[in-house]
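In what follows, a structure is listed as structure tokens, so that the remarks can point back to it.
The values are calculated or read from the model by the stated rules, or taken from the named source; none is laboratory data. On a predicted model such as this, the values are computed, not experimentally measured, just so you know. Cβ: placed from backbone, ideal geometry, glycine included. Neighbour counts: every protein chain shown.
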């Protein structure tokens, strides 16, 4: 194995270790927030999409989580009943609905994630803007490759 192949291998091993750490972190948050894995995954998806300024339909949730529409309805009913989300009319298509986080949801999620976020920022901030843009592009392409599988 040449030096480049070794470096590629080392990065892939580091990604696997990161994935394991993220799984453990999410498992801990699941317990702290008294939610199942799918509920927490739905909230994470909604937070990410909200930060990007994207609206989310129930269909988007089902597609993202790879669950049936019936399971999605049950999940959304449960999260709405517990005060984590609201179903609202779509801003431009009144025939459809979007799913939106509540203030309670944001507060609880970030309450449990704040310390972890601070640690992640501490690791990330020393990099230059150029390095961070390179890392962001790499991670985006990795996510796209994984989603294609």
Report yes if residue 130 is free of Cβ contacts under 8 Å to residues at least 12 places away in the same chain and closer than 30 Å to residue 34 by Cβ, otherwise no.
no
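Among the residues of the range 51-64 satisfying the criterion of being touching a strand residue (DSSP E or B) at 6+ places or on another chain (Cβ under 7 Å) and closer than 16 Å to residue 80 by Cβ, which is surrounded by the most Cβ atoms within 10 Å (Cβ to Cβ)? It would help to see each step written out before you state the result.
So in the range 51-64, the residues touching a strand residue (DSSP E or B) at 6+ places or on another chain (Cβ under 7 Å) come out as 55-58, 61.
Remaining after also requiring closer than 16 Å to residue 80 by Cβ: 56-58, 61.
Values: 56: 19, 57: 16, 58: 17, 61: 25.
Checked the range 51-64; the qualifying residue surrounded by the most Cβ atoms within 10 Å (Cβ to Cβ) is 61.
Within the range 66-100, can you find the residues that are under 17 Å from the mean Cα position of the chain (by Cα) and farther than 17 Å from residue 36 by Cα? So that I can check it myself, show each step before the final result.
Here is the first cut: in the range 66-100, the residues under 17 Å from the mean Cα position of the chain (by Cα) are 66-67, 72, 75-76, 79, 84-85, 99-100.
Scanning the range 66-100 gives 99, 100.
Based on this model, can you work out whether residue 75 counts as assigned to a helix (DSSP H, G or I) and more than 26 Å from residue 136 (Cβ to Cβ)?
Judged against the criteria, residue 75 is a match.
With respect to residue 111, determine if the residue is exposed (fewer than 13 other Cβ atoms within 10 Å of the Cβ) and closer than 26 Å to residue 15 by Cβ. Full working, then the answer.
On the way: exposed (fewer than 13 other Cβ atoms within 10 Å of the Cβ): yes; closer than 26 Å to residue 15 by Cβ: no.
So residue 111 fails the test.
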Quick test of your reading of the structure: residue 31 fulfils all but one of (1) modelled with pLDDT of 85 or more; (2) assigned to a helix (DSSP H, G or I). Name the failing condition by number.
(1)
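Identify the residue in the range 79-108 that is assigned to a helix (DSSP H, G or I) and in contact with a helix residue (DSSP H, G or I) (Cβ under 7 Å, 6 or more places away or on another chain) and, among all such residues, is surrounded by the most Cβ atoms within 10 Å (Cβ to Cβ). Please lay out each step first, then the result.
Taking the range 79-108 first, the residues assigned to a helix (DSSP H, G or I) are 79-81, 103-108.
Keeping just the survivors that are in contact with a helix residue (DSSP H, G or I) (Cβ under 7 Å, 6 or more places away or on another chain) gives 79, 105.
On the way: 79: 24, 105: 21.
So the residue we want is 79.
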Residue count for the range 120-149, restricted to those that are surrounded by fewer than 11 Cβ atoms within 10 Å (Cβ to Cβ), modelled with pLDDT of 95 or more and not in a helix (DSSP H, G or I)
3
May I ask you to list the residues in the range 93-149 that are closer than 20 Å to residue 26 by Cα and in contact with a strand residue (DSSP E or B) (Cβ under 7 Å, 6 or more places away or on another chain)?
101, 105
